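Notes to accompany the following structure.
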Amino acid sequence: MKKETENTKVEVLENGPLMVHGSTTIVHTDGSTEEKQRATAFCRCGKTGNIPFCDGSHNS
Ligand code: FES
């Protein structure tokens, strides 16, 4: 069972995504869920073609 006090690290990359480290459950706008392990990059620039994830478009 997952501990409620487990720490989550969110790393803000310069001119890039938010990196969320660790196991993550993502609830999409349609209510579907997705499990990610290790690290997930979330777009914060608005240019991605794969919302909510970073697809590298922030570099263009
Ligand atoms: S932060 Fe990478 S595409 Fe937006």
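The values are calculated or read from the model by the stated rules, or taken from the named source; none is laboratory data. Being a predicted model, the structure only gives us computed values, none of them experimental. Note that we place each Cβ from the backbone using ideal geometry, even for glycine, and neighbour counts take in every protein chain shown. The accessibility values were calculated without ligands, DNA or RNA, using every heavy atom of the protein model including side chains. Shrake-Rupley method; radii C 1.70, N 1.55, O 1.52, S 1.80 Å.
Normalised by the number of residues in the chain, what is the relative contact order in percent for Cα pairs under 8 Å and 6+ residues apart? Could the numbers behind the result be given before it?
Details: 90 pairs, mean separation 15.3, N = 60.
Computed over the chain, the figure is 25 percent.
When only the heavy atoms of the protein chains count and the probe is 1.4 Å, how do Ile26, Ile51 rank by accessible area, highest first? Write out the running numbers ahead of the final one.
Values: Ile26 15, Ile51 135 Å².
So the residues, ranked largest to smallest area, are Ile51, Ile26.
Rounded, prolate or oblate: which fits the chain, taking a ≥ b ≥ c as square roots of the Cα gyration tensor eigenvalues, rounded meaning a/c under 1.5, else prolate when a/b beats b/c?
Taking the square roots of the gyration eigenvalues as a ≥ b ≥ c, the chain is oblate.
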Task: Choice from Thr25, Thr48, Thr40 showing the highest fluctuation, given a GNM over the chain with Cα pairs closer than 10 Å - done: Thr25
Task: Label point 7 Å beyond Cα of Ser57 along Cβ direction - residues of segment 25-45 with amide nitrogen under 13 Å - done: 43-45
TODO: With a 1.4 Å probe and every protein chain kept in, tell me what percent of the accessible surface of the chain is carbon plus sulfur.
DONE: 48 percent
